[in-house]
1. Quick check on my filter: what residues within region 7-31 are assigned to a loop (DSSP other than H, G, I, E, B) and either in contact with a Phe, Trp or Tyr (Cβ under 8 Å, 6 or more places away or on another chain) or open to solvent by less than 100 Å² (accessible area, probe 1.4 Å) (or both)?
2. Starting from residues that are of a type in the set (A, V, I, L, M) and more than 15 Å from the chain's Cα centre (by Cα), keep the ones in region 1-21 and report whichever is modelled with the lowest pLDDT.
3. Taking region 46-66 on its own, how many of its residues are aliphatic (A, V, I, L, M) and either touching a Cys at 6+ places or on another chain (Cβ under 7 Å) or more than 17 Å from residue 33 (Cβ to Cβ) (or both)?
4. Quick one: count up the residues across region 53-62 that are basic (Lys, Arg) and surrounded by 14 or more Cβ atoms within 10 Å (Cβ to Cβ).
5. Six or more apart or on different chains, Cβ under 7 Å: which pairs go from a residue in region 32-43 that's surrounded by 13 or more Cβ atoms within 10 Å (Cβ to Cβ) to one that's of a type in the set (Asp, Glu)? Could you list them?
6. Of everything in region 32-48, what is β-branched (Val, Ile, Thr), assigned to a helix (DSSP H, G or I) and over 9 Å from the mean Cα position of the chain (by Cα)? Give them in sequence order.
Amino acid sequence: MAKNAKKSPTKNKTVRREYTKADVKELRAHSKAKTPVAKIAKLTKRSEGSLRQKALKLGIRLGHQR
C-alpha cells in the first residue's frame, strides 16, 4: 500500500441483533401462516439466512414449501 493511500471505509457493516422473545413469537406466527421468507426478511429487517438459521434452531419450518 502506498504511503498516502487511504483505506476505503467498509460498506454494509454487519450489525448483529439478538432475537427477543417477541421476535421468536413473530417468527413462529409467520411459520404457521406459511409467509414467504423474503417477505419475513423485509418485515423484520433481517437476512433470509439469519431467519432460516433461527428457525432451524427452534425446530420450525419457514416459508411456503411446494
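1. Across region 7-31, the qualifying residues are 8, 19, 20.
2. Among those residues, the one meeting the criterion is 1.
3. 1
4. Of the residues in region 53-62, 1 are basic (Lys, Arg) and surrounded by 14 or more Cβ atoms within 10 Å (Cβ to Cβ).
5. Hits for this filter: 37/48; 41/48.
6. 37
The values are calculated or read from the model by the stated rules, or taken from the named source; none is laboratory data. If you're wondering where the values come from, they're calculated on a predicted model, not measured in any experiment. So basically every Cβ, Gly included, is an ideal-geometry build from the backbone, and we count neighbours across all protein chains shown. SASA here: full protein model, heavy atoms, side chains in, ligands and nucleic acids out. Shrake-Rupley method; radii C 1.70, N 1.55, O 1.52, S 1.80 Å.
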